Structure formats: structure tokens, C-alpha cells
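Trainee: Handing you this structure, nothing more for now.
The values are calculated or read from the model by the stated rules, or taken from the named source; none is laboratory data. These figures come from a predicted structure and were not determined experimentally. With ideal geometry, Cβ positions are generated from the backbone for all residues, glycine too; neighbour counts draw on all protein chains shown. Calculation scope for accessible area: heavy atoms of the full protein, side chains included, ligands and nucleic acids excluded. Shrake-Rupley method; radii C 1.70, N 1.55, O 1.52, S 1.80 Å.
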Amino acid sequence: MGGGAAGALDEARTGGGIERFRLANGRWPKELGELVPMYLGKVPADILSQRPLQYQPAPAGNYKIYSIGWNQIDDGGTIALKPNGTRRDDEKGDWVWLSAPR
């Protein structure tokens with residue numbers, strides 16, 4: 001996850017809202033707007049685009065929340081890796097928060 005402390009905090013808070021929603025409703029929200037106002041005051045904005053954070057539930061029983069990252073392109077929640085493949089490249093790809101699979 002990139003984007004500094006503000007982006008990480010927004011993604012973590014959104015993840016907490018998603019988990020609380022799931023516990024109360026027995027399912028993931030279809031979109032982040034379902035979290036407002038019960039679990040979040042508002043859907044946090046992507047710190048780079050100022051549009052709402054992106055959210056994708058996955059068939060495996062997990063989800064991702066992401067920001068577009070420094071390249072200013074929505075890469076669909078793709079995490080870019082450095083050329084050696086062992087570290088995240090926050091200059092490319094999206095800044096992604098992945099939940100643990102269920």
C-alpha cells in the first residue's frame with residue numbers, strides 16, 4: 001500500500017467499515033456507498049484523483065480497496081513490483097489494500 005499515512009489510514013478505515021458491514025449483513029457490500037452512514041461518514045476520496053476510493057469484492061471471499069497511485073492511471077487494482085520482483089513499486093500501478101482470503 002502506498003500513498004503515505006493519509007492514504008493508508010483511509011484504506012484501513014474503509015476496510016474496517018467493510019468488515020463491520022459483513023459481520024452485520026452476512027455479505028460484502030456491493031459498493032462502498034452501502035457503508036454510509038452506518039459504517040463510514042462518507043466514502044473517502046482517493047488522495048491523488050479526489051474521486052472515491054475504488055473497491056472490488058472478489059469471488060474468493062476477499063476484496064481490495066485501492067487508489068490510482070502516482071502514475072495517475074486506474075490499473076484495476078494492480079500492484080506493480082520492482083524489477084527484481086520482491087518489492088512493491090509505488091511509482092507504478094495502484095496503491096492497494098488487500099483483505100485476507102476467507
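Trainee: Take the range 9-23 and flag every residue that is of a type in the set (A, V, I, L, M, F, W, C) and either out of contact with any Phe, Trp or Tyr (no Cβ under 8 Å at 6 or more places or on another chain) or open to solvent by 80 Å² or more (accessible area, probe 1.4 Å) (or both).
Mentor: Within the range 9-23, 9, 23 meet the criteria.
Trainee: If you take the residues in the range 28-79 that are out of contact with any helix residue (DSSP H, G or I) (no Cβ under 6 Å at 6 or more places or on another chain), in a strand (DSSP E or B) and open to solvent by less than 20 Å² (accessible area, probe 1.4 Å), which one is nearest to residue 8 (Cα to Cα)?
Mentor: Out of the qualifying residues, it is 66.
Trainee: Let me ask something else. For the range 80-90, enumerate the residues that are assigned to a strand (DSSP E or B), without any contact (Cβ under 8 Å) to a residue 60 or more places away in the chain and of a type in the set (D, E, K, R). Explain how you work it out, then say what you get.
Mentor: Taking the range 80-90 as the starting set, the residues that turn out to be assigned to a strand (DSSP E or B) are 80-81, 88-90.
Retained after the next criterion (residues that are without any contact (Cβ under 8 Å) to a residue 60 or more places away in the chain): 80-81, 89.
Within the range 80-90, just 89 meets the criteria.
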